[in-house]
Amino acid sequence: MNSKLSNIKFICRFCLVAIFLLPYQRILQAKVGIIMKEIGEEIGTSSFADVTSASFDRRGITKDKLSGWLGSLCKVMDDVFMPFVGGVTNYIEKYEQLEEERVEDKKTIIQLQNELIVKKDAEIATIKESLHSTVEKEMKSYASTVSQNCSKALAPKRISAAIKCATEKEDRRRNIIVYGVEEAVGEKLVSKVEGILEEMGEKPVIKDCCRLGMKKKDAIRPIKFSLNSSDMVRHVLLKSKLLKGIEKYKSVFISPDRTLEERVAYREAREKRQQGVVSAHKSTDGLT
């Protein structure tokens, strides 16, 4: 009897929840309401929810009545919930079918991707082979032309001379020449150069500092020194104009390390500029 009573209370609670959740709650409420009304009259409750917590310990409530109520509730559940369960089952089956189709589609996509990769690899191999053949053919033609027409240009002496010229040019790019610094016996050239550069706000690492040429009585030899990079040399040359505003360095001039040809070309260009300035001044004076 206790087990039947527990089942009735459980089913009543389940029906109470289902009434608020299922789309056909009115049908469920109507069918369950008839049974609940009969149970309520027997146990003395008027509320639907009170049936789940009320006491069934009454004389008029027999095993046959409990069995009847339990059977009626089970029949209501069977009538109302089975269509819903059947619909859920259909949805589950449809989902499983769609999942299987998705897996198959994924396998198909992977297979197609593998086939595409194989095809692309084959195309790339063909292109590489064709390109290699073309390049090899062109290189042979170029090598033949070079060997026929440029044998003199590629002579070992000319190659060595070209390398030496490029090396000397790169070395010159890291050099700076300073003119107008007074000579003295036992002088410390590095200190003198450092003093000049500090006036310009620079403190680079100075290397290979020396005077150029043979010492003469009435001539001041220029100073040559090297820096770590050609970029640093360009930076110092750009700031060398600051020396004009410093009294003790007004006669000091800083320039790059030019070759003889470059010095001649620079001197000619400077003379032309000076002549142009003089001509411009004469024209202006004539107008005034």
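The values are calculated or read from the model by the stated rules, or taken from the named source; none is laboratory data. All figures in this text were calculated on a predicted structure; none of them were measured in a lab. We place every Cβ from the backbone using ideal geometry, glycine too, and count neighbours over all the protein chains shown. Side chains included, ligands, DNA and RNA excluded: accessible areas come from the protein's heavy atoms. Shrake-Rupley method; radii C 1.70, N 1.55, O 1.52, S 1.80 Å.
Take the residue pairs Lys203/Lys248; Lys94/Lys119; Lys188/Lys241; Lys216/Lys250; Lys140/Lys164; Lys192/Lys250 and return only those whose Cα atoms are more than 26 Å apart. Numbers along the way, then the final one.
Numbers: Lys203/Lys248 19 Å; Lys94/Lys119 37 Å; Lys188/Lys241 24 Å; Lys216/Lys250 23 Å; Lys140/Lys164 30 Å; Lys192/Lys250 15 Å.
Flagged as over cut-off: Lys94/Lys119; Lys140/Lys164.
Counting only heavy atoms of protein chains, what accessible area per residue, in Å², does the stretch 190-282 have with a probe of 1.4 Å?
Values: 6590 Å² over 93 residues.
It amounts to 71 Å² per residue over the stretch 190-282.
Which order do peptides 252-259, 134-141 fall in by mean Cβ count within 10 Å, highest first?
Averaged packing, sorted descending, gives the order 252-259, 134-141.
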